[in-house]
1. Please state which one of CYS154, CYS193 is touching a Cys at 6+ places or on another chain (Cβ under 6 Å), outside the structural domain of THR46 (by TED's automatic domain parsing) and within 28 Å of ASN44 (Cα to Cα).
2. Given the residues MET172, MET205, which is the only one that is surrounded by fewer than 16 Cβ atoms within 10 Å (Cβ to Cβ) and either aliphatic (A, V, I, L, M) or under 20 Å from the mean Cα position of the chain (by Cα) (or both)?
3. Could you check how many residues of region 210-248 are at pLDDT 90 or above, assigned to a loop (DSSP other than H, G, I, E, B) and under 22 Å from LEU140 (Cβ atoms)?
4. With a cut-off of at least 3 residues that are free of Cβ contacts under 8 Å to residues at least 24 places away in the same chain and surrounded by fewer than 17 Cβ atoms within 10 Å (Cβ to Cβ), name the strands (runs of 3 or more DSSP E) lying wholly within region 75-116.
5. Can you pull out every residue in region 138-193 that is closer than 13 Å to ALA230 by Cβ and not in a strand (DSSP E or B)?
6. For region 122-135, enumerate the residues that are surrounded by 15 or more Cβ atoms within 10 Å (Cβ to Cβ) and either touching a strand residue (DSSP E or B) at 6+ places or on another chain (Cβ under 6 Å) or at positive phi (or both).
7. Taking the residues in region 150-169 that are within 14 Å of the chain's Cα centre (by Cα) and within 18 Å of LEU242 (Cβ to Cβ) as candidates, determine which candidate is surrounded by the most Cβ atoms within 10 Å (Cβ to Cβ).
Amino acid sequence: MAQTLYFSVLLIALCSLSECIQRRYHHINIEKTWTEAQRYCRENYTDLATVNNMNDLNQLMKSINHSLWMSSSDVFVWIGLHRSSVCKWKWSLGDPVKYTNWYGDSNGPGHCVYMRDGSWRHQICNVRMRFFCYNDNLILIQMNLSWSEALRYCRENHVDLVSVDSEGIQFMVTKVIDESSTDAVWMGLRHSCAVGLWFWVNGEMVCYQNWAPGNKTAVDDCDHEVKSGAVQSGGDHRWISLPESQQLNFICIKK
């Protein structure tokens, strides 16, 4: 019981240290179909906007001129949510849907999603409207530091170590990791021997996973050095478990 309480307090402390924003949104004031908007975002940014939680939605709303919303009740903006079948919604990069903010029913004839006044509605994909793109907000640091030193460096100079909590964030990581000078790169993944599980430094539990075979279990090592998570620089960029004292490059979330 005491260990569980300690771990809960630890997560609260980690969450309060930083509000981790791993993507930066851009309102594009050009009218395009959903597919054209997707192509534009992929050519000029990372992709059409993905929104995984209320914090993402608030950041997305901040990225648009508030006077634009106030000037008209008919401002429609594409986001990256769409479906290829009747009931299966997904984000443009293929991420599963963790959070929704539907206005009314999510069922209907439209297979692409737009936002109006912060709420989501479906529409036929060939309608032309403005849209939101996003940029990955990550930076590779080519310094060799222990996991704890890397965490401190990111929090003092940027925001935090990266938390790879979705396929989309994993994709962003693969885009910045190629210049690494080490075989693996630290991310914000930590093992707790107190409760026997992995967690992200932003307070998220580990749902999305990309472990290399044999690397998820750290329970047997709890009498030795604490293990932290790194992503391999080559191959399929799988996750591996390493002693926290090992010196690696690392990925921060930029301010």
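The values are calculated or read from the model by the stated rules, or taken from the named source; none is laboratory data. What you see is a predicted model; the values in this text were computed from it and never measured. Methodologically, a virtual Cβ is constructed for each residue, glycine included, from the backbone with ideal geometry; neighbour enumeration extends over all protein chains shown.
1. Working: CYS193 fails: within 28 Å of ASN44 (Cα to Cα).
Criteria check complete, one pass: CYS154.
2. Numbers: MET172 fails: surrounded by fewer than 16 Cβ atoms within 10 Å (Cβ to Cβ).
Answer to the selection: MET205.
3. To start, the set of residues in region 210-248 that are at pLDDT 90 or above comprises 210-213, 227-248.
Then drop every residue that is not assigned to a loop (DSSP other than H, G, I, E, B), which leaves 210, 212-213, 233-238, 244-247.
So of that shortlist, the ones also under 22 Å from LEU140 (Cβ atoms) come out as 210, 212, 233-238, 244-247.
Within region 210-248, residues that are at pLDDT 90 or above, assigned to a loop (DSSP other than H, G, I, E, B) and under 22 Å from LEU140 (Cβ atoms) number 12.
4. Values: elements: 77-83, 89-91, 112-116.
Counting at least 3 such residues, we get no strands (runs of 3 or more DSSP E) at all.
5. SER146, TRP147, ALA150, LEU151, VAL162, VAL164, VAL173, ILE177, SER180, THR182, ASP183
6. Taking region 122-135 and keeping what is surrounded by 15 or more Cβ atoms within 10 Å (Cβ to Cβ), we get 122-123, 125, 127, 129-135.
Within region 122-135, HIS122, GLN123, CYS125, MET129, ARG130, PHE131, PHE132, CYS133, TYR134, ASN135 qualify.
7. Quick first cut of region 150-169, residues within 14 Å of the chain's Cα centre (by Cα) only: 159-169.
Among the residues that remain, those that are also within 18 Å of LEU242 (Cβ to Cβ) are: 161-164.
Working: LEU161: 30, VAL162: 33, SER163: 21, VAL164: 28.
Residue satisfying both the conditions and the ranking: VAL162.
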